[in-house]
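Just so it is clear, none of the values below were taken in a lab; they were calculated from the coordinates. Bear in mind the structure is a predicted one, so any value in this text is a computation, not a measurement. Every residue, glycine among them, receives a Cβ derived from its backbone with ideal geometry; neighbour counts consider all protein chains shown.
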Amino acid sequence: MEETLLKLVDKSKKEISAASTIATLNSIFLNIFGQSGTLMKITKELKHLSEEEKPKIGALINRYKKELENAIKKKKARIIEQETKVDIDVTIPGIRPPLGHLHLVTQAILQISRIFEKIGFTRVRYPEIDWEWYSFESLNMTKDSPARDDFETFFIEADPHPKFGKMVLSPHTSSGQVREMERVGSPPIRMINIAKCYRPNWDISHTPMFHQFEGLVIDKSINITHLKGTFDYFARVFFGPKRKIRLRPFHFQFTEPSFEVDITCGVCDGKGCKLCKEGWLELGGSGMVHPNVLKAGKIDPNIYTGYAFGWGIERTYMMKEGLKIEDLRLLYSNDTRFLDQF
Ligand SMILES: [Zn+2]
């Protein structure tokens, strides 16, 4: 009996040491310790032994039982250790996480602010939800101005202000003109107001939210040459030394005289191409501040004069890059394949 036991233990130990998977070890365990396992069979034979032999063989069985259990346990631990072991080569370069960058509109806002700050403009921001009075009346726009239709401006459903009228989503940065006059009190004023604007348009060249930058300069003896000089400076720094600007007479209610500002096309240098057609691209509106607007801001138009301009950030940035984006809505579609290019 003792000999059978010894042979069984030897055989089992060899099997355990040869096993290479947890599954094999599990089945070896069952073959030994299971209901009809080899060790159980021998235990059942104990009753046929003499009273002298019983305790001796019983103790032996217990000893081998522990030995085999330990052997299986140790082997399992070794297999798990090998399976989870990862070789680390510290000399291999690390994996760089993808780095983002500022959105191109934010980049443009920072560049434009810096350019105007260098010539003494102060960057400000005014409410993007404002009263009709700041958006229209204070800017010399009458009640019947087409800009005040609900297909041109978002109106907020709220009780109107007794003096300032209905609430609107600011349709242009010009709403900040009289607010700046109120803030500063008396000139000089050199404001650059950059903010989001809202109009109910949604097509390939319009998004309902867009950005404008608005310049306003008020002081004694300000005239058109100051306006022209500022635009020349901006065009040189922002677009490059070769670009030229021109003023084209136009009509706005809040400026008199008013101009559209054009810049030579950067793609063809003003010769005419597919992007610009005739060599010029339109930057946006400008003009000398209308006396009624100065009065709305409690500034005496007999003492002070000023000029103002309000241009689209998205549009100005596209012109700098010489880009013609087929669909402006791409800017806000969060497609990184597009945004990564800037
Ligand atoms: Zn061109």
Ranked by GNM mean-square fluctuation in the chain (Cα springs under 10 Å), the top entry among HIS48, HIS290, HIS251 is HIS48
FRET efficiency (ILE115, ASP149; Cβ distance; R0 35 Å; to 0.05) is 0.50
Exactly which chymotrypsin sites (Phe, Trp or Tyr not before Pro) in the range 121-194 are in a DSSP loop and have at most 12 other Cβ atoms within 10 Å? PHE151
Taking the Cα centre of the chain as the origin, how large is its charge dipole in debye, to the nearest 20, when only Lys and Arg (+1) and Asp and Glu (-1) carry charge on their Cβ atoms? 1320
Please go through the range 259-329 and write out the GluC sites (Glu not before Pro) that DSSP classes as loop and that have at most 14 other C-beta atoms within 10 Å. GLU278, GLU326
Between LYS166 and residues 5 or more places away or on another chain, which pairs have amide H atoms under 5 Å apart, with H built 1.01 Å from N, and which residues are they? GLU132, HIS161
Label model pair LYS41, LEU60: point-to-point distance (7 angstrom along the Cα→beta-carbon line) in nm is 1.7
Counting Lys and Arg as +1 and Asp and Glu as -1, each charge on the Cβ, what is the dipole of the range 2-84 about the Cα centre in debye, to the nearest 20? 180
Could you give the alpha-carbon Rg of the chain over 2.2 N^0.38 Å, rounded to two decimals? 2.06
Loop sites in the range 100-208: trypsin sites (Lys or Arg not before Pro), DSSP, at most 16 other Cβ within 10 Å: LYS118, ARG125, LYS143, LYS163
Please sort through the DSSP H helices of the chain and keep those with an alpha-carbon extent of at least 18 Å along the long axis and a Kyte-Doolittle average not below 0.5. 104-117
What is the dipole size for the range 1-151, taken about its Cα centre, with +1 at each Lys and Arg Cβ and -1 at each Asp and Glu Cβ, in debye to the nearest 20? 1240
Taking R0 as 35 Å, what's the FRET efficiency between SER186 and THR142 from their Cβ-Cβ distance, rounded to 0.05? 0.80
Mind sorting GLU2, GLU180, GLU117 by how few other Cβ atoms lie within 10 Å of their own Cβ, fewest first? GLU2, GLU117, GLU180
So, over other residues within a Cβ distance under 15 Å of ARG114, counting Lys, Arg +1 and Asp, Glu -1, the net charge is +4
